[in-house]
Amino acid sequence: MEAEPLDPAYVAQTLSNPPFVSIAGVYNVRDIGSLPLFSDTSLVTRPRFAYRSAEVSGIQQIGMEQIKGLGITTVYDLRSEAEMSKYNTPVPTIPGVQILHTPVFSQKDYSPTNMARRFQMYASGKIEAFMKLYSEILDAGGEAFGTILRHVRDKPDEGFLFHSGKDRTGVAAALLLSLTGVDDDIIAQDYSLTRVGREPFREAILKRLEKEPIFASNKDSALNMLSSRHETMVAFMKMLQEDYGGAEGYAKKYCSLTDEDLAVIRANMTVSISNC
């Protein structure tokens, strides 16, 4: 159950092994490379190129060296300005790394009314509610996700990291992996690792959520915000296919990418398994 803390030994063991990597002050950092392609078993997603994480606002000095050591030249911050201001988590300065503000939602999407509505849906914990929320992320995020995909197209020699809360990051990762040819079930497995990646910061997350009226009076509903269930991503991938024409259809319509663009993105995101 999401309400139950995970076994600390299991968490420590999992976080000390791939796909997790260490950046001091940043949690849930994962390399989304080395995942097999369902269409060609000789290929995997390119390691040491694309990374996902929680927000980087708290990065420590040693973390700044670690992030450069991973080959990351660009960080895409998917959060809104209103969100950063509300939680006092500004964009840090990391020497040698470009941080680009790439918000999924506009300022108006973070109005008190809209946020209260979203929190109410998250609090329910229902997959149907998450699908509504994830559909809103897709509808709003074309420009932001297109920016990340163009990095893959145009800068294959420059590693990058994207981050926000778990849901926008999860959607971005799912789009990129699905476009590359990773099976839905493996994408869902990657998504579910966020439950482990966030565990060391469980209490800090809950403390932040307790400032929201809906969660202050009902801690159990706040625990639903920790969830990253395999079945949620499976449902998302089905919705993506049925309502948006899959990752490819979405990338063309919402990110203004062409077939040629997508072919380059796939080529830049994959390597032979023998070269890993």
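Kindly list the number of the only condition in (1) in contact (Cβ under 8 Å) with a residue 24 or more places away in the chain; (2) farther than 29 Å from THR93 by Cβ; (3) within 22 Å of the chain's Cα centre (by Cα) that fails for ASP40.
Going through the list (1) in contact (Cβ under 8 Å) with a residue 24 or more places away in the chain; (2) farther than 29 Å from THR93 by Cβ; (3) within 22 Å of the chain's Cα centre (by Cα), ASP40 breaks only (3).
How about region 216-265: which helices (runs of 4 or more DSSP H) wholly inside it have at least 3 residues that are buried (at least 20 other Cβ atoms within 10 Å of the Cβ) and among the hydrophobic types (A, V, I, L, M, F, W, C)?
In region 216-265, the matching helices (runs of 4 or more DSSP H) lie at 230-244.
Output the residues belonging to region 152-183 that are assigned to a strand (DSSP E or B) and in contact with an Asp or Glu (Cβ under 7 Å, 6 or more places away or on another chain).
Scanning region 152-183 gives a single hit, HIS163.
Please verify whether SER272 is over 22 Å from the mean Cα position of the chain (by Cα) and among the small types (Gly, Ala, Ser), treating the condition exactly as stated.
yes
Output the number of the condition that ARG52 fails; it satisfies all remaining conditions of (1) surrounded by 19 or more Cβ atoms within 10 Å (Cβ to Cβ); (2) more than 29 Å from PRO90 (Cα to Cα).
Going through (1) surrounded by 19 or more Cβ atoms within 10 Å (Cβ to Cβ); (2) more than 29 Å from PRO90 (Cα to Cα) one by one, ARG52 breaks only (2).
For region 190-213, does any single residue satisfy the condition of being of a type in the set (S, T, N, Q) and under 19 Å from the mean Cα position of the chain (by Cα)?
Checked against the condition, which is being of a type in the set (S, T, N, Q) and under 19 Å from the mean Cα position of the chain (by Cα), region 190-213 yields at least one hit.
Consider region 46-82. How many of its residues are of a type in the set (D, E, K, R), outside any loop (DSSP other than H, G, I, E, B) and either over 16 Å from GLY165 (Cα atoms) or within 16 Å of the chain's Cα centre (by Cα) (or both)?
Number satisfying all stated conditions: 4.
Restricted to region 266-276, and to residues that are part of a helix (DSSP H, G or I) and at pLDDT below 95, which residue is surrounded by the most Cβ atoms within 10 Å (Cβ to Cβ)?
ILE273
Checking THR89 against (1) assigned to a loop (DSSP other than H, G, I, E, B); (2) at pLDDT 85 or above, which test does it fail?
All conditions are met except number (2).
For the structure I just gave you, tell me whether LEU138 is under 16 Å from the mean Cα position of the chain (by Cα), closer than 30 Å to GLY96 by Cβ, modelled with pLDDT of 95 or more and not β-branched (Val, Ile, Thr).
No, not satisfied.
The values are calculated or read from the model by the stated rules, or taken from the named source; none is laboratory data. Predicted, not measured: the structure shown is a model, and the values here were computed from it. A quick note on method: Cβ atoms are made from the backbone with ideal geometry, for glycine too, and the neighbour counts reach across all protein chains shown.
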